[in-house]
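The values are calculated or read from the model by the stated rules, or taken from the named source; none is laboratory data. Predicted, not measured: the structure shown is a model, and the values here were computed from it. No Cβ is skipped: glycine too gets one built from the backbone with ideal geometry, and neighbour counts run over all protein chains shown. Note: areas computed on protein heavy atoms with side chains; ligands, DNA, RNA excluded. Shrake-Rupley method; radii C 1.70, N 1.55, O 1.52, S 1.80 Å.
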Amino acid sequence: MERSTTAEASLLSKLESSVDLTGIRHLFTAHLQPFIPFLKPSTTTAKKPSLSLLPRRLSGSPKITEDSALELFDSYRLCLNCLDLIEPELAGKPYSVQLQRIRYIHCLEHWELYKEAEAEGFVVLESLSAIVRGESKGNSRKSKTRLVPELSEDSVDQEVAAVILEIVVTLVKCTSKRRSKVDADYWRVISLVNESEPWFKILDAKDYEKFHHFLETNLHITALFLVAEIKHFGVDLIHEFSVATFKEYKKSSAQDQIYKVALKICSSLFSQRDELSSDIILDLLKHVLDSMAAECKALKALKLCCKASWNYVVDLCKMHVDKSHASRADMSEKAIADFAMEASEKVAFLLELNREGNCKINGIIKECVKCWCVAENLIGMLPTPASLIKEWVKIQFLVLKEEDTEFGTTLYSLLSSSEEVPNSAIGKLLEGFSSVPPSLIQHELLAYDERSYLNPRYCLRMRMRIIDVLLEEVYITNVSNVNKSKILIEKAKVLRANGLARLDECIQCLSNAILKLNSIYSGKSCSSRVHNLLIHAYILRALCTQEAAPNSMVLSPKRLVFCIEQIRTGIDFVQDIYAALKFCLSPDHGHVDEQYEDMLYLWYQLIDLLSIKGYLEIHPSLYDVVIKLFNGKNFPLVKTMSELWKTKRLTHALCASPVNHMFLETFSKHQSRLCSSAEFWKTFVEEVKPLLIGFHHTNNEIKQAASDLLSQVPLSSSSIFLLSNLYYDLSGRLISSGRMIEALTYAKEAHRLRSKLLQQKFEYSVQKMTETFDENGDITEKSYYGIQTFKVNDREVSQVSCDYEGCVLTPWNVLACYLESTLQVGFVQEILGNGSEAEMLLRWGRDVSQFQRLPLLEISFSSVLGKLYCKQKLWSLAEKEMSIAKKNLVDNCDAISCKKCAYMLEISVNQQFGDLFLSSPCSRESPSTKNLFNAKSLYRSALDKLNLSDWQSCYSISEEARAKQVISREKSVSSCTINLLEMNDSLSNDKPENKAELRRSRRTKKELKPASQRQDMVCGHNRRVTRSTHRSLGETREIGPGDRQIGSAAGLATEPLSTTAAGFDHNMPNSESKCFAADFGSDITSLCNKMKCWHCFHIEAVDCSSLNNFICMNWELVYRKLCLRLLISIGSLILEKLLKKGFVYLSWLVQNSWIFLS
C-alpha cells in the first residue's frame, strides 16, 4: 500500500510540475490498470487529484509541447473512462462526471482540436439526455431525432439547463472555429439552436445573458462565413442559418446589432456580384430583408434609405460648388459621379426586393429623380441613373402582367405629374439626349430594347410612345434638329421591327432625318456626330429600299458613273451607299467611340448584301471604310484581313477564288509592300489557321479543326458558322476526288448548321403548289412548296451590334452560305441519282434566289436543275430551266462584276444547253439536224469564252514577287518531264488508216503502258523544254467570231476530220458545211497549248508564297474543269456525225485528261 502511495505521489508530482511529460501516458496506464479488476465501491473517492491537475496543465502553465499534450489527452480520457465506471457509487449530482467531461471539452477547444471537442460534446449531450429522462446508464436509449435533451415538467432544473447550454454554446463555437465546408455540420448547429430554446427560458437573467451572448456572437460569425463561401453551400442552408441568427438577435438586448449583421451579409453578397448568379444574390437578399420586414416595416425604411442616399449625393454636389467647405474641397466630380452611380445601384437593388405597392414605389422613384435633377444642375456632369431606370422598366413589366394593360407608364408621364420636379428640369433631362451624360429617356428607350425578348410587341409599343413624346413635345425647335434626327432614325428602326407593313413609314422617317441633317451639314465642316448620323441614315435607307423591292433594284456600272459624278435627289439604293461613303471617307471625318461597333455592323451588311448579288463595283470603297474603322481601333492589318476572311467577306457567292481582286487592289493601295510579301502571307496563314481552307491543308487537318470547334460546348453562332464552313469546304474537296458518299455526309451537316443560322436571321412562309407540264403529249403534275414571304427577321433589323473579337454575322452572309450549301447538297444528290431529293433542294434554292433577286445563285440553281431534268428525260422542263438561266445571264451581264464567274456560268450554261440539244429526241421530219446545229453553235460560243485572254490574267504583283515567280517557273519547267508540243505533234501523226487499225489500237489492259511511262516515252528524246519553248506554250491567242482558219499547225484532229460535212445552217438545213472537227480544231489546239503542266503550276504557286499565285491556281483548276467538260461534249457532238473520227478524238481526250486535271 505504501509502495502504491509513493507511485501515485510521484505521478501527481510529475503531472503538476514537470516540463518533460514524455511517457506519462504509460505511467497513468500502469497506475490504473491493477486498480480496475479489484475496484470496490468502498475504496473509491468522489474526486481524484489527477482530474484537477490534467485540465490545469493542458490550459495553463508551464506550457507543454503538442506531443506531451496529446499524451495528456489520452491520459485524461482514460481517467474519465475509469471515473465513468464508478459513477453509480459516487455521491453528489448525477451529472458530476459530465461536468468533468465539459472541462475536458474546453481543453480540446483550447488546443484547437475542434472536431474532437464536437464529438465529445455530443457524447455528453446524449448522457445528459438519459439523465434528464431518469434512465440508468445501462437502460439508456439513444435518441434518433434530438441532439439536445428534451425539457419536460419533471426535469426543470436551472443547474442542468446551465450544463446543457454550456455544451450547446461550446459546440456552436467549435463549428464556427472549424470552418467546415460540409452542409450537414451547419444544419446540425441550426438543430442545436432550435432544440435548446426551451432551456434558455428557465435560466436566470445572468446566465441567460452570458450564454445567449456567446450563442448569437458565434452564430453571427458563422453566418458571415457561410455567405462569404456561398459557392460551397446551398442557398437554403444560408437562408435558414441567417433566419436563425436574426431570430436569436431579436431575443437579446443587442437588437440593434441585427441591422449591422444584415448590412455585413448584404455587403458580402455585393462583393461577389462578379462571381455569383444575380438570381442567387437577389434571392438571399430578399430573404434577409424579409426576415427584418416584420420588425421594421421594410417599405418605409426603404424610402428613408433611398432618400438618404440621394440627399448625400446632393450634399456632395453642394459642397463641391461651395469651396468654403475645406473638408470636401478636394472631392472631384468623378468621385461624386461614382457616389451617384452607387446610390442608383443601391436604390435599384432595394426596389428589386420590394416591388409591392406600385404607387409607393413610383413615389420613391420620383424622389430619387428629383434629387438627381438638383445634383445634375449643380455640377452638370452627373451620370444618368441607368440602374434605376432599368428597374423602373422591370416594374412596368410587372404592371403589365398584373393589370393586363396595353401600355405602361413612361418616365415622362411620371415626371410631368410631379409637382416637385419643375418643367424646366424635365426639359433639361430630355434635351440632354444629345449631351454627356445621356438622358433618362434615352436609357428608358434602351432598357425597353434590352428587354424586348420578353415581350417584343409590348416593348415596341412603349418605345414608339416614348419616341412620339420626344418628337412632339420636346424636340420641336430647329436648335434640336440633331437630336430630332437621331430620334427619327430610332423611330425608323422601331417601325421596321414592326414588320414590312410599315416599311414605307420607316423609309420616310429616314428621309426626314437625312433632310434635317443635310440642312445642318450644307457642305460645311460639322461635328462627327452629324456625319455619323448621316451615314447611319443613308445605310439604313439603302437596306430598307432594297428590302421593300429587291426585284426592282438595277445594278449597272454605267449608272454608277453617273452616281459618282452627281448624287441626284430622290431615293436610290446605290446613291445612298455612295452618299454614306462620301461622308465616311472624307478626311475630316472621325468616329465617335461608342458608335464604332454600330457602324462596322452596318458596313458589313452592305458588303454581304452586294456580295451575295455578285455586284462588287462598290467593294473597293467599302473595304477602304472597313480598314479605316479597324485602324481606328489600332488593329494590325493581318488581323483585319483574318476577320474578313473567316466571315467570307473577301469573296462573293459561289466564287472559286477565296479573295476577290477588288480587295487585293484595295489592300495593295494601303500596303503595297505587304501585299507582295511572302512573310506577310505566312503570318496571315498562321492568324487564320485552322480556318484557312484550300492552302496546304489535308482533309484530316480540316476534320481535326472541326473537332476542335465541336469541343466548345455550347456552340455559339460564330462556332456554328465556322464549323459549317469547314464541312462545306471539305465536302467540296471530296467531290473533286470523286468520293461522293462521304462528300454528301459533310455537305448535309454543313447545310444543317447553316439552316440553323438561317432560322435565326430570316422568317418565311410557304404554301403547297402544283405545276402542270406537257412532256411528249403526256400531261404531268408536280407538287412543290412555293415561297409566300421570305424576309429578314424583325428582331435582326434593329440589331446594331458588333464584336471585334467574335464572328460577326449579318443576315446576308448567312443566307449566302445557306444557299451555297443547298446547291452543294442538291448537286451531289443529282450525281448520286437521288432525283427527288435533289429536285426539292434545287427548286427551293432557285425560288429563294429569285425572291431575293440573287442572279448568280438563281442561274446556278436553274443550271443544275436543267441538268437534272435532262437526266430524267423531262426535256421541256430542262429547256425551261436552261432558258431561265440563259435569260438571267443576259439580263444581269452588267450586274455581275466578277467576269470570270460570269464566263464560268456562261460556258456552263451554253455547254449544258448544247448537251440538251444532243440528248433530246429529234423530230421525225428532220432527224437531229437542227439540234446538232444548235449544239454546235452553243459549244462554239463556250469555246470562244474559254479562249479569251481574260482567263490567263493574274492580279498585279510587285517586281520582287514577279522575279521570284520567274525563277520558280524556270525551276519547275527544267525539271518537268512533260512536253506538250511533242505530245501534240505525236497525236497529229497518230492516225489510224482504217477500222481494222482502229480495232487493233484497242489493246488489252495488260498491253497498255501506264500514262506516266507513255509521257516519258514522248519526252524521252534529246529535246528539252527550254525557256523559249515553254514561253510559247503560254502565249494566248484571242479568237474572234470570224477567225476560223485551219492551218498546218492546227494539230489536233484537223486533217483526218476535214473531209466530211457535219454542220448545217439555219437557212440551209440540208446543205453541207465544213467538218465539225475542223471547225473546232484550231480553237481546241489553242486551248491546249495555253496549258502548262499542272504539277509545275502548283509548284510555282507554292514556291512564290503569294496569295495571287494561289488565286490563279484556283482559277486554273476551274478553267481546266470547264475545258474538260466542254471537250467531252464536243467529242459527243462529233461522234453523232462521224463515229470513227469522233472515237479517235474521244480516245485522245480520255488518254490525255491529265493535261486538264492532274
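Points to keep in mind about this one:
- Residue satisfying all of: in the stretch 863-882; out of contact with any helix residue (DSSP H, G or I) (no Cβ under 7 Å at 6 or more places or on another chain) and open to solvent by 50 Å² or more (accessible area, probe 1.4 Å); nearest to G833 (Cα to Cα) among these: K871
- Note on the stretch 214-258: among residues that are open to solvent by 20 Å² or more (accessible area, probe 1.4 Å) and among the polar types (S, T, N, Q), the one that is farthest from the chain's Cα centre (by Cα) is S253.
- In the set (1) at pLDDT 90 or above; (2) within 26 Å of S387 (Cβ to Cβ); (3) open to solvent by less than 10 Å² (accessible area, probe 1.4 Å), the condition left unmet by L470 is number (1).
- Restricting the first member to the stretch 612-638 and to residues that are at positive phi and open to solvent by less than 30 Å² (accessible area, probe 1.4 Å), and the second to residues that are of a type in the set (A, V, I, L, M) and part of a helix (DSSP H, G or I), the beta-carbon pairs closer than 6 Å and six or more apart or on different chains are G614/L856.
- Test for S876: is it under 34 Å from the mean Cα position of the chain (by Cα) and either in contact (Cβ under 8 Å) with a residue 40 or more places away in the chain or part of a helix (DSSP H, G or I) (or both): no
- Entry remark, the stretch 582-611: residues being touching an Asp or Glu at 6+ places or on another chain (Cβ under 9 Å) and either over 30 Å from N888 (Cβ atoms) or surrounded by fewer than 22 Cβ atoms within 10 Å (Cβ to Cβ) (or both) number 3 in total.
- Residue that is surrounded by the fewest Cβ atoms within 10 Å (Cβ to Cβ) [pool: residues in the stretch 453-467 that are within 16 Å of V399 (Cα to Cα) and among the hydrophobic types (A, V, I, L, M, F, W, C)]: L454
- Residue pairs meeting the criteria (Cβ under 7 Å; at least 6 apart or on separate chains; first over 22 Å from W603 (Cα atoms) and charged (D, E, K, R), in the stretch 808-824; second open to solvent by 10 Å² or more (accessible area, probe 1.4 Å) and in a helix (DSSP H, G or I)): E820/Y728
- Restricting the stretch 670-719 to residues that are among the hydrophobic types (A, V, I, L, M, F, W, C) and exposed (fewer than 14 other Cβ atoms within 10 Å of the Cβ), the residue that is modelled with the highest pLDDT: L710
- Of the helices (runs of 4 or more DSSP H) lying entirely inside the stretch 44-144, those containing at least 2 residues that are open to solvent by less than 40 Å² (accessible area, probe 1.4 Å) and at pLDDT below 75 span 50-59.
- Where E197 falls short, out of the listed (1) open to solvent by 40 Å² or more (accessible area, probe 1.4 Å); (2) in contact (Cβ under 8 Å) with a residue 24 or more places away in the chain; (3) in a helix (DSSP H, G or I): (2)
- On the stretch given as the stretch 644-663, residues that are open to solvent by 10 Å² or more (accessible area, probe 1.4 Å) and part of a helix (DSSP H, G or I) total 4.
- Neighbours by Cβ (under 6 Å, 6+ apart or cross-chain): first from the stretch 769-787, surrounded by 10 or more Cβ atoms within 10 Å (Cβ to Cβ); second among the basic types (K, R): E771/K782; Y784/R843; Y785/K768
- Of note, S737 does not satisfy the criterion of being within 26 Å of the chain's Cα centre (by Cα), modelled with pLDDT of 85 or more and surrounded by fewer than 17 Cβ atoms within 10 Å (Cβ to Cβ).
- I489 satisfies every condition listed in (1) open to solvent by less than 10 Å² (accessible area, probe 1.4 Å); (2) closer than 16 Å to D794 by Cβ; (3) not polar (S, T, N, Q) except (2).
- Among the candidates V182, V168, residue that is without any contact (Cβ under 8 Å) to a residue 12 or more places away in the chain, within 19 Å of Y114 (Cα to Cα) and not acidic (D, E): V182
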